[in-house]
1. Given the residues B:251, B:227, B:210, B:274, which is the only one that is more than 30 Å from residue B:188 (Cα to Cα) and buried (at least 18 other Cβ atoms within 10 Å of the Cβ)?
2. Are there helices (runs of 4 or more DSSP H) fully within the stretch A:413-529 with at least 3 residues that are touching a strand residue (DSSP E or B) at 6+ places or on another chain (Cβ under 8 Å)? List them.
3. In the stretch A:382-412, how many are touching a residue at least 12 places away in the same chain (Cβ under 8 Å), within 14 Å of another protein chain (Cβ to nearest Cβ), over 25 Å from residue A:327 (Cβ atoms) and not in a strand (DSSP E or B)?
4. Of all residues in the stretch A:159-171 being touching a residue at least 24 places away in the same chain (Cβ under 8 Å) and surrounded by fewer than 17 Cβ atoms within 10 Å (Cβ to Cβ), which is farthest from the chain's Cα centre (by Cα)?
5. Would you mind telling me which numbered condition in (1) out of contact with any helix residue (DSSP H, G or I) (no Cβ under 8 Å at 6 or more places or on another chain); (2) at pLDDT 95 or above; (3) assigned to a loop (DSSP other than H, G, I, E, B) residue A:200 fails?
6. Can you tell me which residue within the stretch A:80-99, out of those that are touching a helix residue (DSSP H, G or I) at 6+ places or on another chain (Cβ under 8 Å) and assigned to a helix (DSSP H, G or I), is nearest to the other protein chains (Cβ to nearest Cβ)?
7. Can you spot a residue in the stretch A:339-362 that is under 26 Å from residue A:506 (Cα atoms), away from chain B (no Cβ under 14 Å) and either part of a helix (DSSP H, G or I) or without any contact (Cβ under 8 Å) to a residue 24 or more places away in the chain (or both)?
8. Only one of B:23, B:86, B:81 is touching a helix residue (DSSP H, G or I) at 6+ places or on another chain (Cβ under 6 Å) and either closer than 29 Å to residue A:445 by Cα or buried (at least 21 other Cβ atoms within 10 Å of the Cβ) (or both); which?
């Protein structure tokens, strides 16, 4: 009996020390990943979670990942060369057939509803496996953006579905002659949660997910034995969980949390300039804008001098240093200046005196009335910035009424075009051109331009540059077109850039965080000191 | 009794109908699911296609009547956000809410009622005064702030309990529950206590005022004159007579806990239905919000009905004809 007990104790000790040695990284997200299935949903936390398990042809920084490179056959045809020797978690080798299957799965409508990431596929008409390691993408229109959009196409193994033998014939409905795709349950219980990523799926319960290291990973092995992702939407509770030792790292701490860390040696924080540009959208329609009125009945925002005055009135330096404690960067254009492909632009001036003169020149020396809209629950510190902007404009004589509302209400009003001036943030995997191509270009259905042009801005120079950019497959030339468009937009100011956000992580002091621009939180960026 | 039941059913279906109209039209007016779901790189064509797939491009009345006819067939619709049947989403999260709600209500009854009777019987004692002081404090602390205090004290300072999340679950008849294993239980304590504090204070006050009232009734004086022991007096004559308001309030509070523990569930990241409701309102997920509130109305109807039946059991004078 005594011996049994001793043995048991020994076993328990071994088991316990084994558990202690396993390096498990426990992270807390600010919202729950919506699905294990990589296609139906976008959003930073869903994307951040799934990239542990699945990989795409292109990495988050536009470098090749499962691809080794690509060749444009013509402006409407791209051949992508696949990496050899990559294995899925189920042991299958990655081939071009899996990429075609994944494209089919992306287009497949689940219960008649398209996946929300489907829009990234743009004008793609065909996906063909040329041989095992080459896959060709054909397009209806030139679509150079596909290089960047490929990162949405997580690659799944074709063996996961009932695929008939022989080549898969892609079609835009996602039917592809495939009788049964894996269901949501297959993904959530792990049967279909198979990718090529550095971590393997263990458990997914929305607010809690667990992964383990993929020992057969093709690249550098993962740094952690396991990863646990909890989701805590309340920022106070998230921070408390960190201090309570429940988590090693949390995303999106508040400014108050950060200042509390100053007095704590066990924890620290890491910031990283992110891809989101915060800006003001102004409706430049000469017939007038909603919520904007002048005593003489004219449309103040249609006058470029008024827009310049509004930009000159803003002390961006004060916003980033006072409201964000330095955890934000002053903006000088409609894309983070530090992002690849962003043109060189001069800094924006702060000069309220000059702003008043410009307003007087434009005939609004006695000011005009402006309703400024901002979402109340969308951007960290966003409401305070909106208040600051309203005050800056009030100082140059504009009668500003600030209207903050919940995101779901704000988003409806934005889409309905009900807001003449509003505060917005735009960050996306595509480079510097992505935002301006949507927000300021004239509508062009074929090239996918101008879908969010709530400024009603229309400029021949800007449109010409954007239309040339949309079909340019040469990166250097494309960047020149972006620069031309940016110069035009910054001269006309259909919106006013204010600042670029920073992503923040609070974590244990013995961890090093190498953050990314794309607002995602992943185990790849965390290592022990 | 049968006509009573039928009348109740009639009333509640009118209630459900009014509720569905209010929520359906209210959600339509303030928010647009397409605008919330569509990411910034959606083209206008993508948005129109999405609206069609969600069925929100149709006129509002058409949407409402197709919703009603689906509900009549037992189909509460599909979540815009998760693309899953709404009932699945709610049922999946119900156990987490129920176990915390019942624990909180149980704590309220077990601690609050005896404390109330005690302070009703011993009105002049110092301990009664401190109980009265504590209930006043417990009543007036805002729920979310109390939750953060609990986290700060028990999770951050003492590190006795986890700050948030649900922890491990055990399967009981195919339903995941937390109270059957240590880790799950430790996750349950803080949210349950946070909900229970208010309930304890309320039950204490109800029991105390009931006790004070009943103790001076003629039948109590008579019972005492007969020489009935104090213990029997409290158990048989007092407890039964103060139970009616307690049962009423407990029923309503249970309903309230199940339906609207949103603040506690959010702060503790407890994956219950209250959090689902809040997230769905944020995401303009109308089918979830509408179905949720209809179910809540039905639940209150059932709870009130059970309370009425309990009245009859507790007080022989009450009859439903």
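The values are calculated or read from the model by the stated rules, or taken from the named source; none is laboratory data. What you are looking at is a predicted structure, and each value in this text was computed from that prediction instead of being measured. Here Cβ is always computed from backbone atoms with ideal geometry, including for glycine, and neighbour counts include all displayed protein chains.
1. Going through B:251, B:227, B:210, B:274 in turn, the sole match is B:210.
2. By residue number, A:433-439, A:460-470.
3. 1
4. Selected residue: A:167.
5. (3)
6. A:98
7. Looking through the stretch A:339-362, none of the residues is under 26 Å from residue A:506 (Cα atoms), away from chain B (no Cβ under 14 Å) and either part of a helix (DSSP H, G or I) or without any contact (Cβ under 8 Å) to a residue 24 or more places away in the chain (or both).
8. None of the other options fit; the residue is B:86.
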